[in-house]
Amino acid sequence: MGITRERARYLFQESCLFLTLSYLVLLGGTFNGLVLYPLNVINLILVSGLGFLWILIRTIRRSKFPRTGLDIGIIIFLSAAIVSTIYSVDPRRSLISFVILVITVLVYYLFVDLIRRGVSAQLINKVLFLVSGFILFFGVRELIIWYSGWFSISDLSDLVPPATYRVRAFLGHPNFVAAYLNLLIPLGLAMILGTKQLGSKLLLGLWILIAIFLVFFTSSRGGWLGTFSAIGTFFLFWGMAKREQLIKLLKKLLKKKWVIVGIALILLLVIITIFALLKWQSSHPSHPSDWSNIFGSRDYIWVVAWDMIKAKPITGYGLFTFGSEYLKVESIPPNMLLTHAHNYYLNIAAEMGVVGIGSLLICIGALILMAKKAWVSHDNLSRIELAGIFGAITGLGAHSLFETPQTMPLLMILPVILIAQLSSGVRMAEGKAQNWIGNLSIAGLWLIATVGIGLDIRALTPFNKGIEASNQENWSAAVDYFDQAVKLDSENAFYWFQDGFASGKKALDLNGEIIDEISLNKAMLAYQKGLEIEPDYSANWMNLGLLQWANGERDQAIESVKIAAEKSPRQGAFYLTLGSMLEDTGEIERAKEAYNQALAQNSYWAEEPFFRKTSLRESVASEWHNGIQVPEIEKNTYLKEGWDLLDAGKNDLALIAFLQAPSFNSPETYLALGETYLALEDLPAAEKNLKTALWMGSRDGWLMTNINRNLGDLAVLEEDCQDAIEYYSRAIVLLERTTSYGIGKLGTSQYGWYLFYKPSIALDLLPGMENIIYTNEVIEGMHNLGICYLELGQEELAKTVYHKILFQRPFDTVATQKLAEFKGE
């Protein structure tokens, strides 16, 4: 028996939805889809191609505009977004967000139209769950790899790991994972209660268990609030739908008091267990606050949004501009750049003003009214299915009190697909004028989205080639490509900055000396052009200062570097460079002040020969040691006593101090224990503690460098040169990947990726800046590395290591002697 026409149509719809939504979830709707050039091109093809096909079919069929209860709210919100973009502090950046918003609106009407034309909401949800299988797989795989790392250290002696973990599950950030799964969990519950097939119930039940398990391991407290809100809302409306049955059940239970007591005790036990687990998992070091100060991890962000609201209350600063204001109040680099207010409602108010938050409230009100109508009468979904959608949207709304997951396009598009299911069954009165205006509006929005993405890609094409050429250090080709990009899109500040960087690399040698004066002048002009548009990022000021210094414009250079240092006071290298410039120009007191600022961030620099290379620096370091200056505030004061004892050679007392220090989620403590056991020559204990620290990992590149360096020292003591080479090499690679954000941070910059949605040159600072990376301990480890290479007969690699040592320490006699021996001198 052949396949029926209806079945073939169903399979075709399922296949199309699966392919499209898979691309959206895994690639196109993520940050990769916003930034990576090939995905930008695919997104343009999809938006223009699918949009054109949809409009063409509607035109041929003379279709009516798919009116919904949200139309007025959408018009008002889009109008507010237009106003916000026009009055934005950076209209070019705001335009990116506006185009994403337009695409979201188009997706909403597309799915309303599809459902009203016969594509079932149940099919859409089925495909959403099938696609989500990828996320579950990657999430579970990630956790298995993490735990197996711990198991290889502990074996069966300690099955509970001494650290928590935040799962990313391919979506890039734990908060996005939580938001994504929370949108589907209540839908899964609705499908379980709405189906009679046991197999489907079991599969969906397993899916929900895994999803909740992954949400737990996101450590997203806003996400957990979203989970409880989503599930609670679902069961509230499910209870309303099953009101009569539940009342009968409750009456029966009231006759059996022991059952009620048992249920109450079980619920109490479950609540206590859940709270204990959440408290344990929420102690992840990425959270700057605990349950005693739940708003502590947000208030420093929210205050920026509040200041924006007070400064521009009517139209706001413009879509997608929070990041620039955050740059003004935080030390970035080395702190992490945040581009949204971690509260969707505050973010809208800050970026779009009263106009924006007012229009958002109108949209929410319209959604509530439409949900009420849908509950009373809906021709596509049952009340249990509606309860699932209500739970999903409520969960996202609750999560949005502490996050802004909507910054990822996927988490704007997925909710509107669910709302489209809600809207599709609520019919609105239709008129000829409304149909004509509506259909024209759809065509207009499609044209805006297509042209907007197309114009962006037009300039992004040479820009992307420039990035590729830069990362291959072909600076001449890179400059040519960037020149094309700035001509095509002169209002994009980031294009100017990357053009300036490439020209700067072409103009300066490794020591920051001029080798191409024309490129130098071009680089300075590009940075000045970019800073006129976006003046808040310190690294751009530092690069301009380095160029001005090389050009002999000393006063201007000092002023630019001073601005960089003031904008990023936690980046000690900026103050070190400023001090060096001031000392060179004879401004001794200001130089001393800058050097003290540098030591305030990196007190161990006072021990380094590189820092003490001038008499002025020597005196500053001596004063620092004599306690004239205020000591550095330690990140982990609970370890200070142990480190002082270890430095004094009191190893046994240091061990006692470190054993008493908090160790949960603290790689610093395990590093300290590892170093102490090394000093005590207890190699097995040193290995376990150092490998535990390495397994925990850290965003702190200097900490990870020290862990690997100590593991290299351990391998030398164990006479295992293979392991020593591996660990020392890892440490050196981290050091070589240093950027303005710190050690091991080389790659696409946060600034380009998150503030402009653009790829960037891996490097972010031009030659000429002073920084102290290779400390005495690191150099000692490099000497050990050279010895290990020689023991294994790898003379060329040993030569490379000794050359690296001399590049950092030209006065190193051991390296000089070794290289002389290689030459036979």
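Just a few scattered comments:
- Put Ser560, Ser663 in order of accessible area, highest first, and with a 1.4 Å probe you get Ser663, Ser560.
- Nearest 10 degrees, 0 to 90: helix 776-791 Cα axis against the chain principal axis: 80
- Computed with a 1.4 Å probe on the full set of protein chains, the accessible area for Asp723 sits at about 60 Å².
- List Cys16, Cys363, ordered by accessible area with a 1.4 Å probe, largest first: Cys16, Cys363
- Heavy-atom accessible surface of the chain, averaged per residue, reaches 46 Å², computed with a 1.4 Å probe.
- Within segment 232-262: backbone nitrogen closer than 14 Å to the Lys372 label point (7 Å, Cα to C-beta): none
- Overall form of segment 508-547 per C-alpha gyration tensor (a/c, 1.5; a/b vs b/c): oblate
- Between the labelled values (i) 31.3; (ii) 30.0; (iii) 28.0, the entry that holds Kirkwood radius over Cα pairs in Å as derived from this structure is (ii).
- For segment 395-409, the Karplus equation 6.51 cos²θ - 1.76 cosθ + 1.60, evaluated at θ = phi - 60°, returns couplings of x, 5, x, 5, 4, 5, 6, 10, 9, 10, x, 5, 5, 8, x Hz by residue, with Gly and Pro reported as x.
- Between 0 and 90°, nearest 10: helix 554-567 axis offset from the chain longest Cα axis: 50
- Rolling a 1.4 Å probe over the protein heavy atoms leaves Phe18 with an accessible area of roughly 70 Å².
- Over segment 687-824, the hull volume per residue, using the convex hull of the C-alpha atoms, is 128 Å³.
- Taking 7 Å steps out from each Cα toward its Cβ at Ile145 and Arg243 produces label points 5.1 nm apart.
- Order of exposure, largest accessible area first, which applies to Ser622, Ser423 with probe 1.4 Å: Ser622, Ser423
- Rounded percent of accessible protein surface that carbon and sulfur make up, the chain, 1.4 Å probe: 62
- Using a cutoff of 8 angstrom between alpha carbon atoms and counting only pairs six or more residues apart, the relative contact order for segment 647-713 works out to 28 percent.
- Partner lysines for Lys252 [C-alpha distance under 16 Å; skip if fewer than 8 residues away on the same chain]: Lys242
- Along segment 313-322 the Karplus relation, 6.51 cos²θ - 1.76 cosθ + 1.60 evaluated at θ = phi - 60°, assigns HN-Hα couplings of x, 7, 9, x, 7, x, 3, 6, 10, 4 Hz to successive residues, with x for each Gly and Pro.
- When segment 419-562 is reduced to its Cα atoms, the Kirkwood hydrodynamic radius in Å: 17.8
- Distance in nm between pseudo-label sites at Ile3 and Leu253 (7 Å out along the Cβ direction from Cα): 4.7
- Spatially proximal lysines relative to Lys64 (Cα-Cα < 30 Å; intrachain offsets below 8 disregarded): Lys126, Lys372, Lys373, Lys432
- Radius of gyration over Kirkwood radius for segment 39-193, both on Cα atoms: the Rg/Rh ratio is 1.10.
- For the chain, the residue among Ala493, Met240, Ile357 whose Cα projects farthest onto the positive side of the dipole built from Cβ charges is Met240.
- Distances between placed amide hydrogens fall under 5 Å for Thr739 paired with Gly744, Lys745, Leu746, all partners being 5 or more residues away or on another chain.
- His803 accessible area, assembled protein chains, probe 1.4 Å, Å²: 110
- Taking only the alpha carbons of segment 1-87, we obtain Rg and Dmax values of 17.8, 64 Å in that order.
- In the chain, the longest principal axis of the Cα atoms and the axis of helix 651-660 are about 10 degrees apart.
- Cysteines, the chain, no other Cys beta-carbon under 4.7 Å: Cys16, Cys363
- Sum of -39500 (n - 2.57) over DSSP H runs of 4+, divided by residues of the chain (222 nm, nearest 500): -24000 deg cm²/dmol
- Two-site FRET efficiency, Ala311 against Glu821, from Cβ-Cβ distance with R₀ of 56 Å, rounded to 0.05: 0.25
- Compactness relative to 2.2 N^0.38 Å, alpha carbon Rg of segment 273-383: 1.43
- Radius ratio Rg over Rh of segment 683-736, counting only Cα atoms, Kirkwood formula for Rh: 0.96
- Segment Glu726-Glu795, extension gain: residue separation times 0.36 nm, minus the distance between their alpha carbons: 23.2 nm
- Calculated log₁₀ intensity ratio I(q)/I(0) where the Debye formula runs over C-alpha points of segment 617-731, q = 0.20, 0.21, 0.23 Å⁻¹: -1.07, -1.12, -1.23
- The H on the amide N of Leu508, modeled in the peptide plane, is under 5 Å from the matching H of Ile515, each at least 5 residues off or on a different chain.
- Rounded, prolate or oblate (a/c below 1.5 giving rounded, otherwise prolate when a/b exceeds b/c) for segment 198-352 by Cα gyration tensor: prolate
- Percent RCO, i.e. relative contact order, over the chain, from Cα pairs under 8 Å lying at least 6 residues apart: 14
- With R₀ set to 22 Å, the beta-carbon distance separating Phe228 from Phe295 gives a calculated FRET efficiency near 0.75.
- Stretchable slack from Asp509 to Ile75, in nm (0.36 nm times residue separation minus alpha-carbon distance): 150.7 nm
- When the pairs Lys279/Lys310; Lys196/Lys248; Lys613/Lys804; Lys592/Lys613; Lys312/Lys522; Lys505/Lys562 are compared against a 24 Å limit on Cα-Cα distance, Lys279/Lys310; Lys312/Lys522 fall above it.
The values are calculated or read from the model by the stated rules, or taken from the named source; none is laboratory data. What you are looking at is a predicted structure, and each value in this text was computed from that prediction instead of being measured. Cβ coordinates were reconstructed from backbone atoms using ideal geometry, including for glycine residues, and neighbour counts include every protein chain displayed. Calculation scope for accessible area: heavy atoms of the full protein, side chains included, ligands and nucleic acids excluded. Shrake-Rupley method; radii C 1.70, N 1.55, O 1.52, S 1.80 Å.
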